[in-house]
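Engineer: The structure's right below; bear with me while I get my questions together.
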Amino acid sequence: MTSTTDATATTGRPGGPSTGPAGATPGTPPGSAPPDDIDTEQVGMPPRTLSERLASAGWTALSAVLLIALWQVVSMRVGSTVLPRPIQSIGAIGDAIEAGYLWSDMRITAVRIAGAFALALSLAITFGVTLGMSKLATKLFGNWVTIAASIPSLLYIVIAYLWVGLNDRAAIIGGALVVLPTITFNIWQGMKSLDPELSEMSRAFGVNRRTTIAKVLLPQTLPFIFAASRLGLALTWKIMIFVELLGRSSGVGYRIQYWYNLFNMERVLAAAIPFILVMLTLEFAVLRPLERHLFRWKREESR
Amino acid sequence: MSATLRFDEVSRRFRTKTRNVHALDRVTLEIRPLEFTALVGPSGCGKSTLLNIAAGLDTGYEGTFTLEPADADRAYLFQSHRLLPWRTAQANVSFVLEARGLGRSEARATARRYLALVGLAGCEDQFPAHLSGGMRQRVALARALAVDPALMLMDEPFSALDEITAQRMRGELLDIHEIEPRTVLFVTHNLAEACYLADRVIVMASNPGRIVADVTIEVPRPRDHEDLRLAEYQRELSHSLFHHSSPTGTQTAPTTTDQPATGPSDTTGDTHHATL
Ligand SMILES: Nc1ncnc2c1ncn2[C@@H]1O[C@H](COP(=O)(O)OP(=O)(O)OP(=O)(O)O)[C@@H](O)[C@H]1O
Ligand SMILES: [Mg+2]
């Protein structure tokens, strides 16, 4: 199993949450502005054309087909008891739907993930912002984050079940505890990218403190909080399967364990694949477009 | 609607782990209401530091600084543009207007007007990252002009612009100053620009940062760029700049002051030579 320490190291900065607001680069040196830069028709980012969208969808489809082809080839090589064919897995998913447990499994797991994610994110924002704002907090508690990140995930989960009992509350708390150090660390690091020059600007123009916090500081935190959330959600989903496997008798993780005990590879895949697809859909259809829209002011978003 | 600035023996030191910089050494300077003052001097002589103190951003100085009236409206055009990257050009200008209590639509209209004034009509909805460096600087200029302040602090506002655009911006700035004069403190490295724009040019020297010359430009407005008197002032300023940039600091000649002493504001280099 992966401990959170690995997670911090490998998935630390998706999309570079600490790169800070783009466009903070100083003005270009004298004389570098084109003499007729009043003409600005071509300056912003051009909207993506239909053909560009189609081309991008085409590449995505091709890469998916290649993946399935590879799966097919490997399963033909190693035999379908070791790795079932794609078509067999689809059949198994059909069986699972017929048996009636697929949807309820997914719903139960989704609720647990949502609970753990919400709990972890709200705590991580509180801790991360506090650590980022207060030198005293950093001195006192900065190391705690490192310590918390180095504790194996299994320990958090076992402790949650031992203290709270074998119930959903424990599953949510355990899952949240596992991902908490990683998200906290990312938000804390992101706080370092806040630009003091912008706060100065606000002060020089006589903007009051409340407006400065709401309209100058808060918007700067959104990119890295968003990135930390995406990372947190991905981590929570992976860990929740494990949490369920250890102490619940329902959900996707439980189902995987059940079929694993019967050495039924087909059904193991049938339990896992639908939920993987849900998470991928969430990532591609919701989170990425949302991020692109929210942070469209960044230079790199223009292409 | 104007402001008076008084620096009295203002010193500013920066101590970092590696260096100990004497950015300002007992600077005494009075900027009178409605005066357009240019500040020139070599890089690192404390010009931005002086502006930061005037803006109320830097309070770590010794000596006294007073602004009259104390709550005078200030606008600051920083050396870097300091635009909010997630706001469009127009939203950046209306941000400071709305924060000062202007209504949404009124702020919007004012913002568009000033963006047009700096030649950015049509760019209102662009984000700073998608504008050129010079265009960003002009958005910052529009933001500073739009608040219509009693005290305008400008740190090399035109240095990122091509000469033609810079020329036009200078014209606009003077027009605005003509219609509604205000106190302006303007930093530049361009002596021709200083002489053309300002009523008075302060020359600073570095190590430690201090005032070495204070020249009143007695050329009536509107001025002509080709005016020979401006060229004469420029020569004089450039002389005092070079004269005081000698690293040995052995200069003995008293500073050129071009006008009869006008009260306590008249600072010469003499007092500082004693410390060298
Ligand atoms: N926050 C700071 N911390 C440490 N040193 C500083 C700080 N701000 C300014 N200094 C130092 O003070 C001196 C004066 O800086 P200042 O920015 O006022 O120069 P300047 O005259 O505006 O120069 P330039 O023309 O290059 O903008 C410099 O030596 C600079 O290194
Ligand atoms: Mg400066």
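Engineer: From the list B:Gly56, B:Gly101, B:Gly122, which residue is closer than 30 Å to A:Ile213 by Cβ, of a type outside the set (A, V, I, L, M, F, W, C) and outside the structural domain of B:Glu193 (by TED's automatic domain parsing)?
Structural biologist: Values: B:Gly56 fails: outside the structural domain of B:Glu193 (by TED's automatic domain parsing); B:Gly122 fails: closer than 30 Å to A:Ile213 by Cβ.
Of B:Gly56, B:Gly101, B:Gly122, the one residue that is closer than 30 Å to A:Ile213 by Cβ, of a type outside the set (A, V, I, L, M, F, W, C) and outside the structural domain of B:Glu193 (by TED's automatic domain parsing) is B:Gly101.
Engineer: Confirm whether B:Val118 is in contact with a strand residue (DSSP E or B) (Cβ under 6 Å, 6 or more places away or on another chain) and away from ligand 1 (no atom under 16 Å from the Cβ).
Structural biologist: Working: in contact with a strand residue (DSSP E or B) (Cβ under 6 Å, 6 or more places away or on another chain): no; away from ligand 1 (no atom under 16 Å from the Cβ): yes.
Criteria not met by B:Val118.
Engineer: Then there's this: Return the residue satisfying two criteria in turn: it lies in region B:1-37 and is over 19 Å from the mean Cα position of the chain (by Cα) and assigned to a loop (DSSP other than H, G, I, E, B), and of such residues it is farthest from ligand 2 (Cβ to nearest atom).
Structural biologist: Applying the filter and picking the extreme gives B:Lys17.
Engineer: Let me spell it out: the conditions are (1) more than 28 Å from B:Tyr76 (Cβ to Cβ); (2) buried (at least 16 other Cβ atoms within 10 Å of the Cβ); (3) touching a residue at least 12 places away in the same chain (Cβ under 8 Å), and A:Asn264 meets all of them except one. Which number is the exception?
Structural biologist: (3)
Engineer: Looking at B:Leu120, is it assigned to a loop (DSSP other than H, G, I, E, B) and more than 12 Å from chain A (Cβ to nearest Cβ)?
Structural biologist: Considered against the rule, which asks whether it is assigned to a loop (DSSP other than H, G, I, E, B) and more than 12 Å from chain A (Cβ to nearest Cβ), B:Leu120 comes out as no.
Engineer: Would you please name the residue that is nearest to the chain's Cα centre (by Cα), looking only at residues in region B:195-229 that are over 15 Å from B:His177 (Cβ atoms) and among the acidic types (Asp, Glu)?
Structural biologist: Residue satisfying both the conditions and the ranking: B:Asp214.
Engineer: Considering only region A:239-265, how many residues are in a helix (DSSP H, G or I), in contact with a Ser or Thr (Cβ under 8 Å, 6 or more places away or on another chain) and at pLDDT 90 or above? Break it down into steps so the answer makes sense when it comes.
Structural biologist: Keep residues of region A:239-265 that are in a helix (DSSP H, G or I), which gives A:239-247, A:252-261, A:265.
Restricting the remaining residues to those that are in contact with a Ser or Thr (Cβ under 8 Å, 6 or more places away or on another chain) gives A:239-242, A:244, A:252-253, A:265.
The next check asks that each one be at pLDDT 90 or above; those that pass are A:239-242, A:244, A:252-253.
Going through region A:239-265 one residue at a time, the tally reaches 7.
Engineer: Hey, among the residues in region B:38-70 that are away from ligand 2 (no atom under 16 Å from the Cβ) and within 14 Å of chain A (Cβ to nearest Cβ), which one's surrounded by the most Cβ atoms within 10 Å (Cβ to Cβ)?
Structural biologist: The extreme case among them is B:Leu67.
Engineer: Exactly one of these conditions fails for A:Ser80: (1) touching an Asp or Glu at 6+ places or on another chain (Cβ under 9 Å); (2) closer than 23 Å to A:Met240 by Cα. Give me its number.
Structural biologist: (2)
Engineer: Hey, another quick one. When B:Leu97 is evaluated against the numbered criteria (1) assigned to a helix (DSSP H, G or I); (2) at pLDDT below 90, which criterion, by number, is the only one it fails?
Structural biologist: Among (1) assigned to a helix (DSSP H, G or I); (2) at pLDDT below 90, B:Leu97 violates only (2).
Engineer: Here's something else I'd like to know. Out of the residues in region B:121-151 that are touching a helix residue (DSSP H, G or I) at 6+ places or on another chain (Cβ under 6 Å) and hydrophobic (A, V, I, L, M, F, W, C), state the one that is farthest from B:Gly103 (Cα to Cα).
Structural biologist: Looking at residues that are touching a helix residue (DSSP H, G or I) at 6+ places or on another chain (Cβ under 6 Å) and hydrophobic (A, V, I, L, M, F, W, C), I get B:Ala129.
Engineer: Whether any residue in region A:64-80 is outside any helix (DSSP H, G or I), more than 30 Å from A:Ser229 (Cβ to Cβ) and out of contact with any strand residue (DSSP E or B) (no Cβ under 8 Å at 6 or more places or on another chain) is what I want to check.
Structural biologist: yes
Engineer: Report yes if B:Ala194 is closer than 21 Å to B:Leu51 by Cβ and at the interface with chain A (Cβ under 9 Å from one of its Cβ atoms), otherwise no.
Structural biologist: no
The values are calculated or read from the model by the stated rules, or taken from the named source; none is laboratory data. If you're wondering where the values come from, they're calculated on a predicted model, not measured in any experiment. Note that we place each Cβ from the backbone using ideal geometry, even for glycine, and neighbour counts take in every protein chain shown.
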